[in-house]
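The values are calculated or read from the model by the stated rules, or taken from the named source; none is laboratory data. As the structure is a computational prediction, the values presented were derived from the model and not from experiment. Note that we place each Cβ from the backbone using ideal geometry, even for glycine, and neighbour counts take in every protein chain shown. These accessible areas exclude ligands, DNA and RNA; they are computed on the full protein's heavy atoms, side chains included. Shrake-Rupley method; radii C 1.70, N 1.55, O 1.52, S 1.80 Å.
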Amino acid sequence: MRRIRAAVTGAVTLSLVLTAAGCGGGTSGSDTQPKTLTYWASNQGSSIEVDKKVLQPELDQFERETGIKVKLEVVPWSDLLNRILTATTSGQGPDVLNIGNTWSASLQSTGALLPWDAKNLEKIGGRDRFVESALGSTGVPGQDPAAVPLYSMAYALYYNKKMFKDAGIEKPPATWDELAATGKRLSRDGKWGIGVEGSNLSNNIHQVFVLGKQHGADFFTADGKADFTSAGAVAAVKQYVDLMATHKIVAPGNAEYSQNQSLSDFAKDKTAMVLWQTPSQAFASQGMSEEEWGVAPAPVPSGKPGQGTSVNSMVAGINMAVFKNTKNIDGALKFVKFMTSDEEQKLLNQAYGSVPPVKTAQQDHAFATPSLKVIRDTLATSATALPQVPEESQYETVVGAAVKALFADAAAGRPVTEESVKAALEEAQQQMPKK
């Protein structure tokens, strides 16, 4: 049976290249009626239909093994957080769901998610099965996790080999100064050095958070208060927007990009570099072969990636959570155990081009390719979790929107200064809950 399923998944991976009931909807079941679970999966593939083709064979296998049917809904990223927040307040939602790992603390604060205490973790094999960096994005430190890691990702610098060769550039930049200089050599004849997605609020946050760490800023104080206007935070946001405003290595139209347009430009030889999370399947869906792009660690101020000011990625990924008031808690725990088993971790992460957060699965040779090795090394040595505070989702929204507005200024030729950046961040901070 597994051989058949592996073949199906291989076909689905190829297609990636070519192409509500009450919360806890599961019923108590009987001998003739299998128990059911509802599952909201995040959109990981190039389309919702591709995700269904990846996941449904696995859900069918789970039903064969346990007698529990899983009703699948793949939710687009544009809708996922609002759908989850509505479910936490209304009680109308799934039994099990995927969440962006940066939302863990915010959703934990609602009280709607099952805490993964030692007893629950033991039912899926124990805490020690998971990579520590992935566990760092599962909720507020010192509290039981609100979710468990499912797929791990990190940012890296991807570069278009043809564009580099045409410009006579032999290797990718390792520092920000090198990136600016390399980008200027590449920005000519209607082509651009690097792509951004200025209207993608989450991506904006990911980039400026990492730059903030490199400037010694955290965006939150030790007691969890918003701190968006520190010198380091202002410098981080200005440095990112200056890729367009000052260095002019980003096309002005990127200010309006919100969902994968920069990857399309990259595949069409219009943009030479992108900072992204494990995008190999997205490149493939654009018709780009693995030989056409290269990967390197995301830039640092100087030296090599590591801890402290050489952090070069947030810990990206997807977590799996259970609504606390599910009517089928045992079935939900069995399903999480199944999805985080070594075999499923290898299969699913390979299909999506991500890295397993389960230690033993991560050691499989399938995750030792040059591109995934960069991701594994980044997660192990130079990535850090976004602030695990209840207000994290608001932070993504208000600071991400501030960066979006600053990119709009840059695209329109309006000056982006330390003063204008600080003013935008002050306005964002005023929108945060008062403590």
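Taking only the alpha-carbon positions of the range 271-409 and ignoring solvent, what does the Debye formula give for the base-10 log of I(q)/I(0) at q = 0.09, 0.12, 0.21 Å⁻¹? Evaluating at q = 0.09, 0.12, 0.21 Å⁻¹ gives log10 I(q)/I(0) of -0.38, -0.68, -1.36.
Provide Rg over Rh for the range 213-355; use the alpha carbon set for both Rg and the Kirkwood Rh (inverse mean inverse pair distance). Can you show the working numbers first?
Working: Rg = 19.7 Å, Rh = 19.0 Å.
Taking Rg over the Kirkwood Rh, I get 1.04.
Of the two radii for the chain, the radius of gyration is 0.97 times the Kirkwood radius, both from the alpha carbons; that is the Rg over Rh value. Its alpha carbons considered, the range 333-435 gives a radius of gyration followed by a Dmax of 20.2, 55 Å.
Tell me, Kirkwood radius of the range 44-176 from alpha-carbon pair distances, in Å?
Details: mean 1/r = 0.0555 Å⁻¹.
Kirkwood radius, the range 44-176: 18.0 Å.
In this structure MET314 has an accessible area near 0 Å², from a 1.4 Å probe over the protein heavy atoms.
What do you reckon, how do ILE48, ILE124 stack up by accessible area (1.4 Å probe), largest on top?
Numbers: ILE48 50, ILE124 5 Å².
Correct descending sequence by accessible area is ILE48, ILE124.
Extension gain for the segment ALA231 to GLU427, taken as residue separation times 0.36 nm less the Cα-Cα distance, is 69.0 nm to one decimal. Summarising the overall dimensions of the range 36-80 from its C-alpha atoms, the Rg and Dmax are 11.0, 34 angstrom. Remark on the range 128-234: hydrodynamic radius 17.1 angstrom, per the Kirkwood mean of 1/r across alpha carbon pairs. The charge dipole of the range 142-205, taken about its Cα centre with unit charges on the Cβ atoms of Lys, Arg (+1), Asp and Glu (-1) only, comes to about 420 debye.
Only beta bridges with both residues in the chain are counted; by DSSP, about 60 percent of them are antiparallel.
Going down the list LYS123/LYS373; LYS161/LYS238; LYS213/LYS238, which pairs span over 19 Å between their C-alpha atoms? Display every interim value, and only then the final one.
Working: LYS123/LYS373 30 Å; LYS161/LYS238 29 Å; LYS213/LYS238 14 Å.
Checking Cα-Cα distances, LYS123/LYS373; LYS161/LYS238 exceed 19 Å.
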